[in-house]
Each structure stands twice: as C-alpha cells, then as structure tokens.
Amino acid sequence: MTNNSSTNSNNKTAVPQAREALNQFKYEVANEIGVPLKQGYNGDLTSAQAGYVGGYMVKKMIEAQERAMANQSSPMM
C-alpha cells in the first residue's frame, strides 16, 4: 500500500525561500553536464540522466559548503 502523503513530502524544500534558486541551479547543472532538462515534463529523460543531475547538484553544494567552512576563521585555543 502506497502512502501518497509521504511521496509528496519528499518534494518539499526545507527552506521554501530557496525553492527558485534551487530550481535555477538544477537547470544550470543540467546544462553544464549536457542533460537536456527542460521546463515542465521531463519524462523522456532516463533515470541515469535525472540521477546524474541530482548527484552533481549535491556534489557542487557540498564543495561550496566545504569552501565556506574552510574560509571561516579557526577558533583560538
């Protein structure tokens, strides 16, 4: 038995104000890696292509966070 409410909750953005920026980031990443992502329906993409976009987004976000953490001043001991 499938619970549709749990399926829908996976698509919610933790910070709703970031939704548009994340959406734009998704299209930038897809363009960068050559995946033909378009506005609207993308059911013609393979699961590998869709997964590659999501995985590459996560990789870039982790890299950005690591850079931000490295640029913070270290606490004095």
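Return the residues of region 41-77 that are small (Gly, Ala, Ser), open to solvent by 60 Å² or more (accessible area, probe 1.4 Å) and assigned to a loop (DSSP other than H, G, I, E, B); say none if nothing qualifies.
Of everything in region 41-77, those that are small (Gly, Ala, Ser), open to solvent by 60 Å² or more (accessible area, probe 1.4 Å) and assigned to a loop (DSSP other than H, G, I, E, B) turn out to be Ser73, Ser74.
Can you find even one residue in region 7-28 that is of a type in the set (D, E, K, R), at pLDDT below 95 and part of a helix (DSSP H, G or I)? Show your work before the answer.
Initially, region 7-28 is screened for residues of a type in the set (D, E, K, R), giving 12, 19-20, 26, 28.
So of that shortlist, the ones also at pLDDT below 95 come out as 12, 19-20.
This time we only want the ones that are part of a helix (DSSP H, G or I), so: 19-20.
Within region 7-28 (the criterion being of a type in the set (D, E, K, R), at pLDDT below 95 and part of a helix (DSSP H, G or I)), the answer is yes, since at least one residue qualifies.
The values are calculated or read from the model by the stated rules, or taken from the named source; none is laboratory data. If you're wondering where the values come from, they're calculated on a predicted model, not measured in any experiment. Just so you know, the surface numbers come from the protein's heavy atoms only, side chains and all, with ligands and any DNA or RNA stripped out. Shrake-Rupley method; radii C 1.70, N 1.55, O 1.52, S 1.80 Å.
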